[in-house]
Structures are given as C-alpha cells and as structure tokens.
1. Taking only pairs six or more apart or across chains, which ones have beta-carbon atoms under 7 Å, a first residue in region 195-208 that is within 18 Å of residue 305 (Cα to Cα), and a second residue that is acidic (Asp, Glu) and open to solvent by 20 Å² or more (accessible area, probe 1.4 Å)?
2. Could you check residue 208 against (1) assigned to a strand (DSSP E or B); (2) out of contact with any helix residue (DSSP H, G or I) (no Cβ under 7 Å at 6 or more places or on another chain) and say which number it fails?
3. Could you check how many residues of region 35-60 are modelled with pLDDT under 80, assigned to a loop (DSSP other than H, G, I, E, B) and not β-branched (Val, Ile, Thr)?
4. Which members of region 232-248 meet the condition of being aliphatic (A, V, I, L, M) and farther than 10 Å from residue 273 by Cβ?
5. Could you grab me the full set of residues in region 180-205 that are among the charged types (D, E, K, R) and not in a loop (DSSP other than H, G, I, E, B)?
6. So residue 235 clears everything in (1) in contact with a Lys or Arg (Cβ under 9 Å, 6 or more places away or on another chain); (2) buried (at least 16 other Cβ atoms within 10 Å of the Cβ) except one condition, right? Which one?
7. So the check is Cβ under 9 Å with 6+ separation or different chains; which pairs have a first residue in region 4-32 that's over 10 Å from residue 58 (Cα atoms) and at pLDDT 85 or above and a second one that's open to solvent by 40 Å² or more (accessible area, probe 1.4 Å) and among the hydroxyl-bearing types (Ser, Thr, Tyr)?
Amino acid sequence: MSRSPVPRGPARRPTQADIARLAGVSQATVSLVLNERESEVRISPATRDRVLAAMREWGYVANPSARSLAGGRNRILGVHTFEPVFPTNSVDFYFPFLVGIEQEAADLGHDLLLFTSAGGQRQIFRDGSSRLSLADGALLLGRNPNVEEIERLRDSGYPFVYIGHREVSGPPIPYVAADYATATQQLTERLFGLGHRRVAYARIGDGDAQPSRDREKGFRRAASPDGRRRLTGPVWTLESGEDVPGLLAEIRHGGITAIVAEQQVLAERILAYAQEQNLSIPGDLSMVVLGDSAGAPQTGTDWTGLIVPREQMGRQATRLLVQLLEDPDLLDDPGSADAAAPGDGAPHESVECQLADGSTVGPVTQS
C-alpha cells in the first residue's frame, strides 16, 4: 500500500488523519494512542509503537483545544492573576508564589500557561466564554480579585484553586491560605509574655479584606500567659500613612506599649515618625509586623513578625489542583483536605507561617 507523503514546510502541519495514513491505522486509533486511552480498546504494542514513530518522524503536536474537547487532559495548568505580575512593585509579592507553582508543576509533570489580559481589567471571561479552557485547571491569585468572575467560574464546573483565603457568595471554593490567625495570635501572646498589657492593632486600608480579617481574628483571640484574655487595646484602620502622626498621639495618650501592624509600610511610617519624636523601638514601643511587605521601603529594619509562606502556598495549591483533576469527587468530599469544614464540599488547606524573631520587640518599660 502506497502512502502519500506529508508535505514538509511551515505552511503545513501534520494532522491526526495524516498520522493515521502514515501508520496504516484508523484516525480513531491515533486518537486513542494520543489520549492514552488504550484500555478502552485493545491496541497491540506494535500498533502503538508504529503510531508514536509516525508522530515523532513528522513532528506531530496535539492541538490542546481539540484534545480537551475529546475528553483528554493536556497536563497544562493555567495561572491567572488579577493584577500584573511583572512590574517591579509586584515582584516581592508574586515571585515566591510563581516559584512554588513552577517547581511543583514540574515535579508533577505538568506545564504552565500564564493568562493575561490585553489592556484594561484582568478578565477570566471574554465574549461569554472562559479564557482558561485551554488548561485542564487553573490557579488563581491576586489581592483584589473579581469575585463575580470567581463565582461564575465555580458555577461552570471548571476546576481551580485560589491561592489565599477567599470567601464568596454561595458554595465555597477550593483554596490554599496562610494561617495568619494562628501566627498573629502567637505574636500577640509573645507581647503579653513580655509584660505588655496595652497592645493595639493597626492597619491601612480595607479591614474587610479576608487576609485582614484573618489577622485581626488571631489578634482578638490572643490570651495572656495565665490563660485569661487581657487584650484591652483598640483596632485602628487608617485611610493612609498620613494618619500616622495622629495614631502615634493616640498610642502615647492611651498608654499603648506595643503595636501589631498589619503592613510593613505602616510599621515603617510609625518607626520613622517615632524616631522624629525621640521614641525608641522597642525601648518605648514594641512593634510586630504581619508580613505584608507590599509597597514598603527597604530600610533594613529587622522586624519581628511573621513570614508569609508564599512559595509553599504555591506548591500546595498546585498539588491540590492536580488532585482535583485526578479525582473530581474531592469537591464533594468534606474530609478531602486537612482544614475543610464539615459539609462545605470544597477542600482547602492552611499553611503555617514562620515567625521572625527580629529586634523590634522588647519587655515593657512602663505601666
């Protein structure tokens, strides 16, 4: 039987039909070999080797979209961020996540596909369809996500995992988050152990954001060494760093001896203004920072606080996504992840935050 050669050159790529003709098999057989579904129909090793040899010889590459439509998996994981990842002011925030994602995807034998938007707002859906469909599933991350798009993606049945604690309306979504609450509680209790009894919490911006709520939750549940709750300091939410002079006046007036600062940029502002007022850190005021370094100047201050486990979060989220792809029933199994609440139907995991000893906390020096 003569075989028609496949024209070489950039204008012509071999198709499944070409490979079938070259290997002397049906196109259905090529599809079964390509999608690794030999168990459905008996294919001899010799036939399979002949098909693979034809693919190698002619440089056949499967079309990801066609393979997905056929029910196969591309072993491609999407990464969608709700903010640009490459500007320099985003490097510190996103880079460790991407390192963890890439390393885990490589270990699990998957490729990555980064989704961006051509100008304007980052969008998952465009012209009524999801842009993520080229990938088997996707990892989502960002500090200011479009919650409506996340809910729409969940309702579509597309597999994804959010990196960071994210609550939405209706059924919950799978996520991997840093355990901010436990770390903040430990840091606050360390201040109590050093004799501080007037400890305050301060942040800039939106106190309703989920990471902010998680940190505040840990602050409020902190207990003194004898087990009794003795947290008497306030929780302050500032509109901007310009409010720091007024904050420091409140601190001195209220007898506050220690501050739990949600963002490093706020802690740096407090430190700079305190130094102008001849106040010592930690001699006159102890300070801990809860890990958010976005936008903060790099002054070299050895802050006491928590370290956000971004790389580990990227790894665990990637692992969880692959688990969901391999076993979709995990979405219906409330016991499928360590931190899943009974009956919530969406696995989620917490990653421990390491604590940084630093040099900005000391014993209380005033009553």
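The values are calculated or read from the model by the stated rules, or taken from the named source; none is laboratory data. The structure displayed is predicted, hence computed values, not measured ones. When we count neighbours, we look across all protein chains shown, and the Cβ atoms used for this are built from the backbone with ideal geometry, even at glycine. The accessibility values were calculated without ligands, DNA or RNA, using every heavy atom of the protein model including side chains. Shrake-Rupley method; radii C 1.70, N 1.55, O 1.52, S 1.80 Å.
1. 201/216
2. Looking at each condition in turn, residue 208 falls short on (1).
3. Of the residues in that region, 6 qualify.
4. 235, 238
5. Of region 180-205, the ones among the charged types (D, E, K, R) are 189-190, 197-198, 203.
Of everything in region 180-205, those that are among the charged types (D, E, K, R) and not in a loop (DSSP other than H, G, I, E, B) turn out to be 189, 190, 203.
6. Of (1) in contact with a Lys or Arg (Cβ under 9 Å, 6 or more places away or on another chain); (2) buried (at least 16 other Cβ atoms within 10 Å of the Cβ), only one is false for residue 235: (2).
7. Here the result reads 20/26; 21/4, each pair linking region 4-32 to a residue that is open to solvent by 40 Å² or more (accessible area, probe 1.4 Å) and among the hydroxyl-bearing types (Ser, Thr, Tyr).
Yes/no per residue for (1) touching a residue at least 40 places away in the same chain (Cβ under 8 Å); (2) buried (at least 21 other Cβ atoms within 10 Å of the Cβ); (3) not hydroxyl-bearing (Ser, Thr, Tyr):
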position	(1), (2), (3)
152	no, no, yes
160	yes, yes, yes
171	yes, no, yes
190	yes, no, yes
193	no, no, yes
210	yes, no, yes
214	yes, yes, yes
217	no, no, yes
